[in-house]
Structure formats: C-alpha cells, structure tokens
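Enquirer: Mind looking over this structure? Questions follow.
The values are calculated or read from the model by the stated rules, or taken from the named source; none is laboratory data. Just so it is clear, the model here is predicted, and its values are computed rather than measured. Reconstructed Cβ throughout: ideal geometry from the backbone, glycine too, with neighbour counts over all protein chains shown. Accessible surface areas use protein heavy atoms only, side chains included; no ligands, DNA or RNA. Shrake-Rupley method; radii C 1.70, N 1.55, O 1.52, S 1.80 Å.
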Amino acid sequence: MWRKDYAGVILSLARQEHPDTSSYSDSEIVHRVKKYHHAGFILKSPHEERIRELLDSYTKRFTLDFLATQPVPDKPTS
C-alpha cells in the first residue's frame, strides 16, 4: 500500500558540542541527528503545509539556538 506523506530535513552546524534539542517536541520529528556539533531533524507528515510551517519555524529557531559558521577552506579537504 502506498503512503502519501511529506518529509523535510533541517541540519545545522551547531555552536554546542552536543546541542540540546529537547525543546523541539513536535510529533512530526521522526529522527534526531546525533552528530558532534550538529543539530538536525527529519520530519514527516501527511500534510505538506505542516512540513513547510515547521521548517520555516525551525529555521528561525535554529539560527538563534544553534547556528555556527565556519569559513570555507581555500582548497578542498577531500
């Protein structure tokens, strides 16, 4: 049987070694990224608009809660 769900991914380099994402508790979060200095989720919903709303909201929140930047190297590392 086919399902017609929608998905979204948000991932950010984080200032914290192990960012605390516990304040993000929406039921659409189906996976939490557990990677050193990263924060991220995979989202799933039967409603496309709900995924868009969450991604818009999380983009703003991630900027405040986690976002870290790093300069681009002069040469590729791999």
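Enquirer: For n ≥ 4 DSSP H runs only, could you compute -39500 (n - 2.57) per run for the chain, divide by its residues and tell me the 222 nm figure to the nearest 500?
Expert: Numbers: 1 runs with 18 residues, N = 78.
So the helix-based figure for the chain works out to -8000 deg cm²/dmol.
Enquirer: Just need the relative contact order of the chain here, percent rounded to a whole number, with Cα pairs under 8 Å and 6+ apart.
Expert: On the way: 106 pairs, mean separation 29.5, N = 78.
About 38 percent, as a whole number.
Enquirer: Relative to the first principal axis of the alpha-carbon coordinates of the chain, what is the inclination of helix 48-65, with its axis defined by its Cα atoms, in degrees from 0 to 90 and to the nearest 10?
Expert: Around 30 degrees separate the two axes.
Enquirer: Moving on to the next point. Any chance you could check the Cα centroid distance between region 1-25 and region 41-68 for me, in angstrom?
Expert: Cα centres, region 1-25 to region 41-68: 7 Å.
Enquirer: OK, next. Where Rh is the Kirkwood radius over the Cα pairs of the chain, the temperature 25 °C and the viscosity 0.890 mPa s, what D in µm²/s does Stokes-Einstein return? Spell out each step's value before the answer.
Expert: On the way: Rh = 13.8 Å.
Translational D for this selection: 178 µm²/s.
Enquirer: Leaving ligands, DNA and RNA out of it, report the carbon-plus-sulfur percent of the accessible area of region 8-59 at a 1.4 Å probe. Before the final figure, lay out the partial values.
Expert: Numbers: 1670 of 3280 Å².
The C+S portion of the solvent-accessible surface of region 8-59 is 51 percent.
Enquirer: State the number of lysine pairs found in the chain whose Cα atoms come within less than 25 Å, restricting to pairs 8 or more positions apart or on distinct chains.
Expert: So the count of such lysine pairs works out to 7.
Enquirer: If you don't mind, another one. Sort 42-54, 19-31 by the packing proxy (mean of other Cβ within 10 Å over each peptide's residues), most packed first. Can you show the working numbers first?
Expert: Numbers: 42-54: 15.2, 19-31: 13.2.
So the peptides 42-54, 19-31, ranked by packing, come out 42-54, 19-31.
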